[in-house]
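Okay, so here's the structure we're looking at.
Every number in this text was worked out from the coordinates using simple rules, so none of it is lab data. Everything quoted here is computed from the prediction, not taken from an experiment. Methodologically, a virtual Cβ is constructed for each residue, glycine included, from the backbone with ideal geometry; neighbour enumeration extends over all protein chains shown.
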Amino acid sequence: MTPHTVLIATSNAGKLRDFAGAAATFGVTIAGIPHFASLPQVVEDGTTFEENARKKAEAYSRSVPGELVLADDSGLEIDALGGAPGVHSARYAADEPHTAECNTEDEANNARVLRELANVAAERRTARFVCVLAVARDGHTLHTFRGTAEGVILNTPRGHNGFGYDPLFYFPQIGKTFAELSAEEKSLYSHRGAAFRAFLSWYRSTNDQNL
């Protein structure tokens, strides 16, 4: 890999798009881990976003010795639901999200959120996206980075550019949902963009030291 390439431990095309959009103006290339689909899947059984991010970064970095590997765990916290779906965001439509081994479809996850918020007034539908990134090399976490974005959950989805809960997540600052933004626009406002900018600042400050 070139000195300015960072490997992302994900097969999620939406996440790769988000990271590439955030990195585009910094001269950093984002790439997936080679043969990622053939690697043993890491079980995300941590109770916090940081636990899961560190677990993934450490495990997957062992498959590419000497390379920097970035992994994230992210999700939606809805105040009226006591912070749910939280770390279970990708599996929220499952009967028991905390024990589900596979992610559930975005549409099903969104549908459950809408059902649970059906009788909740607009002013109480506040929520935030949270992202924690962990960067690791050879099985050891070097640093973690956290980003958040505050918004409101709509009654109906809007936009087709995002993934996950993006169509429901309205960002008052710009008057749009995250699904109505391009990857480059989203990187300016999103939780993942904020966490990734913190990583890039760290990366640039340490790169000259042959990190």
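At-a-glance table
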read-out: Scattering curve values for the stretch 46-105, log₁₀ I(q)/I(0), Debye with Cα scatterers, q = 0.13, 0.21 Å⁻¹; value: -0.41, -0.84
read-out: Length-normalised contact order for the chain - Cα pairs under 8 Å, 6+ apart - percent; value: 21 percent
read-out: Kirkwood hydrodynamic radius of the stretch 5-207, Cα pairs, Å; value: 17.1 Å
read-out: Restricting the stretch 1-89 to trypsin sites (Lys or Arg not before Pro) in coil, as DSSP defines it, with at most 13 other Cβ within 10 Å; value: none
read-out: Charge-dipole axis of the stretch 55-211 as Lys and Arg at +1 and Asp and Glu at -1 on Cβ define it, positive-most pick from L142, H160, L70; value: L142
read-out: 222 nm mean residue ellipticity, helices alone, for the chain (DSSP H n ≥ 4; -39,500 (n - 2.57); rounded to 500); value: -8500 deg cm²/dmol
read-out: All aspartates and glutamates inside 12 Å of K176 as judged from Cα atoms, apart from same-chain residues fewer than 8 positions distant; value: D166, E185
read-out: 14 Å beta-carbon shell around V43, net charge (K/R +1, D/E -1); value: -2
read-out: Total charge dipole magnitude, the chain, about the Cα centre, Cβ charges on Lys, Arg, Asp, Glu only, Debye to nearest 20; value: 400 debye
read-out: By average C-beta atoms within 10 angstrom, highest first, the peptides 78-84, 183-189; value: 183-189, 78-84
